[in-house]
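> My questions all concern the structure below.
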Amino acid sequence: MIKIAPSLLASDFTRLAEEVKTIDNADMLHLDIMDGHFVPNLTFGPGLISALRDKTDLAFDTHLMISNPEDYIEKYAEAGSDYITFHIEATDHSHRLIQRIKNAGCKAGVSLNPGTSLKDIEIILPDLDLVLIMSVNPGFGGQKYIPQINEKISRLNDMILELDNDVEIAVDGGIKLHNVNEVINAGADIIIAGSAIFGSENPYKAIEKFRDAGE
Ligand code: DX5
Ligand code: ZN
C-alpha cells in the first residue's frame with residue numbers, strides 16, 4: 001500500500017490548524033524545514049511543529065533541509081517528529097546521526113539531492129528506515145519533476161531488495177496525478193506532494209485520487 005504524505009509547505013500558513021484537519025485521510029504530514037543556508041529559502045522550526053502536534057493524529061515526517069543537522073536532532077524529536085530525515089550532503093557523520101535519531105525515539109531517514117549518487121548511502125542503507133529521494137532541487141514547492149529520477153528510484157529499490165530489513169522509499173517534489181504512476185512503478189512507497197494536494201480545491205479528494213492512481 002502506497003503512503004501519501006502531503007507537504008505542509010503548500011498549505012495556507014494563516015490557517016495551519018484547519019489545513020491539517022482537511023487531510024486526515026493521509027498517512028503522514030511532511031514538514032519541510034529550510035534554513036536559508038543549505039537551501040535558499042526559510043520555513044519554520046520545532047516551535048511550529050510542537051504547536052501542530054495536538055491538532056492531528058497523523059505521523060510527522062520531518063525533512064531537514066538544513067546545514068549542521070547534528071545541532072537539531074533532539075529538538076525536532078521533542079517537538080513531535082515520528083520520522084527525521086537529514087540530507088546526506090549536509091553532514092560528514094551520517095552513521096552517527098542515524099543512531100542519534102533512533103536514540104531519540106524516531107525513525108531515521110536520509111535524503112539525497114537529485115545530483116547525489118546512491119553510492120553515498122550504500123554503507124548506511126541497512127541502518128535506515130527511510131530514504132527520501134528528491135525529485136526536484138530542494139528549496140521550493142511547485143517545481144517540475146526531474147525524469148531521470150525514475151531510474152534512481154528503481155536502482156535504490158534493487159539495492160533494498162538485497163537487504164534483510166525493509167527500508168521505505170519516499171519521493172519528494174513535482175509529483176502530480178499525471179506522473180504519480182511512474183513514480184510508484186519505479187518503486188516508491190511514500191509519495192510526498194505539496195502543491196498537488198494543498199494547492200487543489202479539495203485536499204481530501206486529491207489524496208483519494210492519488211490513492212486510486214496508485215492501485
Ligand atoms: C522541496 C520540498 C518538497 C515540496 C514539494 O524542497 O522538500 O517537500 O514541498 O512540493 P511540490 O509537491 O509542490 O513539488
Ligand atoms: Zn520535503
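The values are calculated or read from the model by the stated rules, or taken from the named source; none is laboratory data. Remember, predicted model here, so these are calculated numbers, not experimental data. Note: ideal-geometry Cβ built from the backbone for every residue, glycine included; neighbour counts use all protein chains shown.
> Got a sec? Which helices (runs of 4 or more DSSP H) wholly within region 107-203 have at least 1 residues that are at pLDDT 95 or above and exposed (fewer than 14 other Cβ atoms within 10 Å of the Cβ)?
149-161, 180-186
> Examine region 88-104 for a residue that is under 12 Å from the mean Cα position of the chain (by Cα) and either closer than 17 Å to Ile66 by Cβ or within 16 Å of ligand 2 (Cβ to nearest atom) (or both), and state whether such a residue exists.
No, region 88-104 has no match at all.
> Ok, one more. Within region 1-18, which residues are in contact with a strand residue (DSSP E or B) (Cβ under 9 Å, 6 or more places away or on another chain) and either away from ligand 2 (no atom under 14 Å from the Cβ) or farther than 13 Å from Gly141 by Cβ (or both)?
The answer is Ile2, Lys3, Ile4, Ala5.
> Right, another one. Pairs under 7 Å by beta carbon, first residue closer than 10 Å to Leu58 by Cβ in region 7-31, partner away from ligand 1 (no atom under 14 Å from the Cβ) and in a helix (DSSP H, G or I), six or more apart or different chains?
Val20/Leu52; Ile23/Tyr204; Asn25/Tyr204; Asn25/Glu208; Leu29/Val20
> So which of Ile133, Ile146 ends up being among the hydrophobic types (A, V, I, L, M, F, W, C), touching a residue at least 12 places away in the same chain (Cβ under 8 Å), within 12 Å of ligand 1 (Cβ to nearest atom) and out of contact with any Asp or Glu (no Cβ under 9 Å at 6 or more places or on another chain)?
Ile146
> Going by the conditions given, is Gly194 in contact with a Ser or Thr (Cβ under 9 Å, 6 or more places away or on another chain) and either at positive phi or small (Gly, Ala, Ser) (or both)?
Considered against the rule, which asks whether it is in contact with a Ser or Thr (Cβ under 9 Å, 6 or more places away or on another chain) and either at positive phi or small (Gly, Ala, Ser) (or both), Gly194 comes out as yes.
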